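Just below is one structure, and these are the notes that go with it.
Bear in mind these aren't lab numbers, they're just calculated from the coordinates by the rules spelled out. Here the structure is a predicted model, which means the values were calculated and not measured. Cβ: placed from backbone, ideal geometry, glycine included. Neighbour counts: every protein chain shown.
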Amino acid sequence: MKIIIISDSHGNIANIKLILGFAKKMKADGIIHCGDWDNLKVVEEVLQSRIPLYAVLGNADIDESMADSLQRIGKNFDRKFLEFEISGRKIGVVHSIINHKSSILNLDVLFCGHRHFKSEKFVGGVKVVSPGALHSVKPSFAVYDTDINGVEFFDL
């Protein structure tokens with residue numbers, strides 16, 4: 001399975017639309033958003049794509065209507081730390097890894113945002129990936145392949 005990984009969109013609808021077009025063209029199996037949506041319009045845009053969404057909130061997500069809308073996706077949403085399994089891979093999603101390092105030890109991969117730059121490293125044997133920020137001087141995102149537990153980064 002191939003999953004689009006995005007974070008820190010900060011209300012940038014134009015880049016969200018580019019990513020959704022890419023996701024539909026590649027027939028992505030899902031989208032993970034690591035928080036800092038910034039506003040309800042971005043949330044609604046992603047939900048309207050009908051691509052399965054896995055999401056958390058970030059420190060810029062103070063509007064309760066965003067959480068209310070994301071609650072509709074049920075088990076695929078958590079305010080702070082989401083953990084789920086796809087294709088045998090244990091996946092975690094968090095906005096900021098700070099204060100969550102002990103929670104990730106049983107995961108295959110953790111996706112996080114907040115820092116606004118792309119990175120891939122190992123923490124305690126767990127792959128930790130930041131896709132970068134969609135609202136940035138150098139916007140970026142990633143595609144995660146569950147078959148190989150691999151990530152490819154893309155710049156917009």
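Of all the criteria given as (1) out of contact with any helix residue (DSSP H, G or I) (no Cβ under 6 Å at 6 or more places or on another chain); (2) part of a helix (DSSP H, G or I); (3) surrounded by fewer than 16 Cβ atoms within 10 Å (Cβ to Cβ), the one not satisfied by Asn15 is (3). Taking (1) free of Cβ contacts under 8 Å to residues at least 24 places away in the same chain; (2) not in a helix (DSSP H, G or I) in turn, Ile31 satisfies each apart from (1). Among the residues of region 113-156, the ones that are of a type in the set (A, V, I, L, M, F, W, C) and part of a strand (DSSP E or B) come to 11 in all. Count of region 81-107 residues, restricted to those that are without any contact (Cβ under 8 Å) to a residue 24 or more places away in the chain, over 13 Å from Val56 (Cβ atoms) and surrounded by 13 or more Cβ atoms within 10 Å (Cβ to Cβ), is 2. Within region 4-20, residues that are under 22 Å from Asn59 (Cα atoms) sit with their Cβ atoms under 6 Å from residues that are outside any loop (DSSP other than H, G, I, E, B) and small (Gly, Ala, Ser), at 6+ positions apart or across chains, in these pairs: Ile4/Ala23; Ile5/Ala142. All of (1) of a type in the set (A, V, I, L, M, F, W, C); (2) touching a Pro at 6+ places or on another chain (Cβ under 8 Å); (3) over 19 Å from Leu53 (Cβ atoms) hold for Val137 with one exception: (2).
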